[in-house]
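Q: To start, I am sharing the structure in question, which I have written as structure tokens.
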């Protein structure tokens, strides 16, 4: 019975890793100059990071910490890498250390918030996000502020406080009006409240801002179907199915949309695919849990990669393979 | 801006309390009084058999319900007492405990004199009907091993599961429903099974290294349900495959008979835990075709399987179409699937306003009844988590949860209230009019705890209770559809045996009449095909309808 909740958590987790990039791109904290040897290692660390060499980067960070043990950026970077490796407890310790050394270190509280959010400690997540919010409000880091507000909204939504969630998303849009994700999550809020017309309008805004995002397009298609806009919905859902062959929801809604038009024979393969994709996705959730429980186990990462390959999620499969390769045999 | 600031402040103060506060602030139009102790049910305790090993079955029981085992017209109560695991050597008590309604709101335990004291099993659920058409109600009980059929012989029960061919294999059964699938006048039964579990197959699950936690069903193989045909001679024959029950998914926790397409043939809804739900459509000859995926019942709106548990169905609005409701896990809305047309359902959870309040609860027991007798069906959700320390795992979710009552505005839009302050680890739930005052009272069973009987506090309200006696049809009238007309308003009830989670509600249908002075017409559509019509009925009475012999 726990799977669905866990599934939601993992989806959120994947998203949170995405916004991390956004946040850091907007922030340049001045943390003071490190030891020259550490600076040299920092260049190496950056190069290793660009090559997706996670374990190598971690080793370099550890070396740098020997010569610059009070340099918060090293801990911060370490935390980010450990998060990618699903080593969340260690990641948390790294972010906490960064904050301990530099109480106003931009991004650290945000990541701590993410970690708390991942494991369901919603109150802690709120506290961290509000800390980050206080730190960057008034700064020029608008994308970062927008991300923090978005994530605040996410926690409120999870807690069932829809009004606060809406407020946070709208604040995020006030900071960064072209934030497609904020529109998409506003649409979800409206959908949960049964305001389908609002939801469809908001989903369309999200999709207009990020037409390459299949999740936004799926939302438009699924809501359109429920609103009876069958032709429009069919177009969107077909597009999502083509772009994301692993997308159970798109297959399901496309099948239902075709059924609603009396095209039963056309619907059949999409509905059948939903069944098998649903099973594969369930196995992916279990494989992710297995990785979380034992992130140093190469076989677990390979299992995860294999399942991603089966669903056609090439990017995710590659990421899992990168980690597996670095863990050695 | 001020509004934003206020939102900000209130959110920071204690964000997790807001939803409960919002619910509590709604004006309560109905209420209950906990009468468990004064009614004589206070000594009951469900036994999980837990002894530190965190075995999966411990978290899942149990059910119970209302019946009239002695035919005196008063609602008696049967409670499923759980059990112990044979390997522990702990002595088990009776699998079921029976309480006779002595009138004036008092029950007396009759487990022993009713022959149930020596019936031992690790039991989960009950469904009740007169399967042998001898005029009294029999009890079918699902267990962790072989199931039990308790034949009622003038108020004394005899366990004949094996002899009747209903015991089945030694596997974990959950929900069951009596259903006259081929309309031959004899009640067949569908038995839902859960997962392959035994002490030997128990899996060590953990969230904290070295410490065992309860596993989740994904890790276990599902066991599919069985269909048994009633031979009419007191025995049953397994006709699972022959009748089309070929899906092998299993992990069933809810089973419900429902004639959603109104063809007079009972269909079957099967709610599964983390697997797609099933809708078996009766082909008009007692054989079935599974249409869950095509109907829109199988998954949520995003094509994901949910943790299906309790299930019930009824007509919630003026469309006249059947809505099937399904309880789910936290972060999953209660399913509110309304039949649109041609076997196609739409989940109206969000639109109905049931969805969002149900996201924070884990709903096991769930049923539709007209709690305020205002002529529409309301929904009660009995909630409780399976993880004792869930508060540590996820803020805002609690192990013990309040029961929610969703009040229908007549158009299938609902306001939620929490009618009882007590938080429970609720599992089964059922309704019945134990005090005979016309309104429906509530029975809730708690995992590892007591049963709760809540008296409906409604002071006035008009009702019509209809007691059926089949002739060509099965004696209990299971599978009958009742329709009443009061002015321009039509209501419908379907008589069923087995609903909610592992439970059984009073078989006698009750209609709330709002302010209607009379019931203009009552139609009874019997499973035999006979239709009886009665006209101009006064409110606040129980009428008896014998098949083919309508009262003028």
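FYI, it's all coordinate maths here, none of it is from the lab. As the structure is a computational prediction, the values presented were derived from the model and not from experiment. Virtual Cβ from ideal backbone geometry, glycine too; neighbours counted across all protein chains shown.
Q: For residue B:117 and residue B:163, compute 0.36 nm times the residue count separating them, minus their Cα-Cα distance, and round to one decimal in nm.
A: Fully extending the segment from residue B:117 to residue B:163 adds 14.6 nm.
Q: OK, next. Given axes a ≥ b ≥ c from the Cα gyration tensor, I'd like to know whether the stretch B:132-224 is rounded (a/c under 1.5), prolate (a/b larger than b/c) or oblate.
A: prolate
Q: Highest GNM mean-square fluctuation, chain A, Cα pairs closer than 10 Å: which of A:102, A:133, A:251?
A: Per the Cα network of chain A with a 10 Å cutoff, A:102 tops the list.
Q: Let me make sure I get this right: for the stretch B:296-418, a, b and c are the square roots of the gyration tensor eigenvalues over alpha carbons, sorted descending. Under 1.5 in a/c it's rounded, otherwise prolate if a/b > b/c, else oblate. Which is it?
A: Oblate shape, in that a/c is at least 1.5 and b/c is the bigger or equal ratio.
Q: Report, please, the projected area of the stretch A:126-261 averaged over directions, based on the convex hull of its C-alpha atoms, in nm².
A: 8.4
Q: Same structure again: Binning at 5 Å from 0, report for the stretch B:32-104 what percent of all alpha-carbon pair distances ends up in each bin.
A: 3, 15, 21, 20, 16, 12, 8, 5, 2
Q: While we're looking at this one, here's another question. Could you give me the radius of gyration and the Dmax of chain A, taking only the C-alpha atoms into account and expressing both in angstrom?
A: 21.2, 71
Q: According to the Kirkwood expression over distinct Cα-Cα pairs, how big is the hydrodynamic radius of the stretch B:194-308, in Å?
A: Computed over Cα pairs of the stretch B:194-308, the Kirkwood hydrodynamic radius comes out at 15.9 Å.
Q: So, one more: Between A:46, A:92, A:313, which gets the highest mean-square fluctuation from a Gaussian network model of chain A, Cα cutoff 10 Å?
A: A:46
Q: Relative to the longest principal axis of chain A, what angle (0 to 90°, nearest 10) does the C-alpha long axis of helix A:3-25 take?
A: 50
Q: How many percent of Cα pairs in the stretch B:263-339 exceed 14 Å?
A: Here the long-distance tail beyond 14 Å is 61 percent of all Cα pairs in the stretch B:263-339.
Q: Percent relative contact order of chain A, based on C-alpha pairs within less than 8 angstrom and at least six residues apart?
A: It comes to 11 percent, rounded to a whole number.
Q: Working out 0.36 nm times the residue gap between residue B:521 and residue B:302, then minus their Cα-Cα distance, what length gain in nm do you get to one decimal?
A: 74.6 nm
Q: Residue separation times 0.36 nm, minus the C-alpha to C-alpha distance between residue B:51 and residue B:530: what's the value?
A: Taking 0.36 nm per residue and subtracting the Cα distance, the gain is 167.1 nm.
Q: Show log10 I(q)/I(0) for the stretch B:411-550 at q = 0.15, 0.17 Å⁻¹, two decimals, from a solvent-free Debye sum over equal Cα scatterers.
A: Taking Cα atoms of the stretch B:411-550 as identical point scatterers yields -0.84, -1.02.
Q: Could you tell me which of rounded, prolate or oblate describes the stretch B:90-189, using a ≥ b ≥ c as the square roots of the eigenvalues of the alpha-carbon gyration tensor, with rounded for a/c under 1.5 and, failing that, prolate when a/b is larger than b/c and oblate otherwise?
A: Since a/c reaches 1.5 but b/c is at least a/b, the shape of the stretch B:90-189 is classed as oblate.
Q: Evaluate the relative contact order of the stretch B:334-432 (contact order divided by residue number), counting alpha-carbon pairs under 8 angstrom at least 6 apart; express in whole percent.
A: 25
Q: Counting only C-alpha contacts under 8 Å and six or more residues apart, can you give the relative contact order of the stretch B:22-109 as a whole percent?
A: It rounds to 25 percent for the stretch B:22-109.
Q: Sort B:141, B:33, B:363 so the one with the fewest other Cβ atoms within 10 Å of its own Cβ comes first.
A: Starting with the residue having the fewest Cβ neighbours, the order is B:33, B:141, B:363.
Q: What's the percent breakdown of Cα-Cα distances in the stretch B:172-231 across 10 Å bins, shortest bin first?
A: Computed distribution, short to long bins: 21, 32, 22, 15, 8, 2.
Q: Another question about this same structure. Assuming 1.002 mPa s and 20 °C, estimate D for the stretch A:80-138 with Stokes-Einstein, Rh taken as the Kirkwood radius over Cα pairs, in µm²/s.
A: 190
Q: Could you work out the mean projected area of the convex hull around the alpha carbons of the stretch B:496-541, in square nanometres to one decimal?
A: The number I arrive at for the stretch B:496-541 is 4.4 nm².
Q: Could you please tell me the mean projected area of the C-alpha convex hull for the stretch B:400-464, averaged over all directions and given in square nanometres to one decimal?
A: For the stretch B:400-464, the mean projected area of the Cα convex hull comes to 5.3 nm².
Q: In Å, the Kirkwood hydrodynamic radius of the protein assembly as shown over pairs of distinct alpha carbons?
A: 28.7
Q: Next question, about the same structure. Can you give the Rg and Dmax of the stretch A:277-329 based on its C-alpha atoms, in angstrom?
A: In order Rg, Dmax, the Cα atoms of the stretch A:277-329 give 10.2, 31 Å.
Q: Would you calculate the volume per residue, in Å³, of the smallest convex hull containing every Cα atom of the stretch B:387-431?
A: 109
Q: List, largest first, the extents of the alpha carbons of chain B along their principal axes, each in whole Å.
A: 65, 61, 49
Q: Next question. Separation between the residue A:70 and residue B:242 pseudo-spin-labels, each 7 Å from Cα along Cα→Cβ, expressed in nm?
A: With each label placed 7 Å out from Cα toward Cβ, I get 8.5 nm.
Q: Per DSSP H run of at least 4 residues, take -39500 (n - 2.57); add these up for chain B, divide by its residues and hand me the 222 nm value, nearest 500 deg cm²/dmol.
A: Estimated from H runs of four or more residues: -1500 deg cm²/dmol.
Q: For a quick check: sort B:238, B:259 by the number of other beta carbons within 10 angstrom, fewest at the front.
A: B:238, B:259
Q: Give me A:110, B:220 sorted ascending by neighbouring Cβ count inside 10 Å, so fewest comes first.
A: Arranged by neighbour count, lowest to highest, A:110, B:220 become B:220, A:110.
Q: Restricting to the protein assembly as shown, compute how many DSSP beta bridges are antiparallel as a %, nearest 5.
A: So the antiparallel bridges in the protein assembly as shown amount to around 95 percent.
Q: At 7 Å along Cα-to-Cβ for each site, give me the label-to-label distance between residue A:100 and residue A:163 in nm.
A: Rounded to a tenth, the inter-label distance reads 4.1 nm.
Q: As a check on your grasp of the helix formula, calculate [θ] at 222 nm for chain A: sum -39500 (n - 2.57) over DSSP H runs of n ≥ 4, divide by the residue count, round to the nearest 500.
A: That comes out to -26000 deg cm²/dmol.
Q: Just to check, using Stokes-Einstein with a Kirkwood Rh over alpha carbon pairs, what's the diffusion coefficient of the stretch A:230-329 at 4 °C and 1.567 mPa s in µm²/s?
A: The Stokes-Einstein estimate is 89 µm²/s.
Q: So the label point goes 7 Å from the Cα of residue B:211 along Cα→C-beta, right? Which residues of the stretch A:108-129 then have their backbone N under 16 Å from it?
A: Under cut-off, by backbone N: A:120-121.
Q: While we're on this one: What whole-number value in cubic angstrom gives the convex hull volume per residue for the C-alpha atoms of the stretch A:76-178?
A: Convex hull of Cα atoms, per residue: 95 Å³.
Q: Could you check the simple spin-label distance between residue B:170 and residue A:268, using points 7 Å along Cα→Cβ, in nm with one decimal?
A: Reported label-point gap for residue B:170 and residue A:268 is 4.4 nm.
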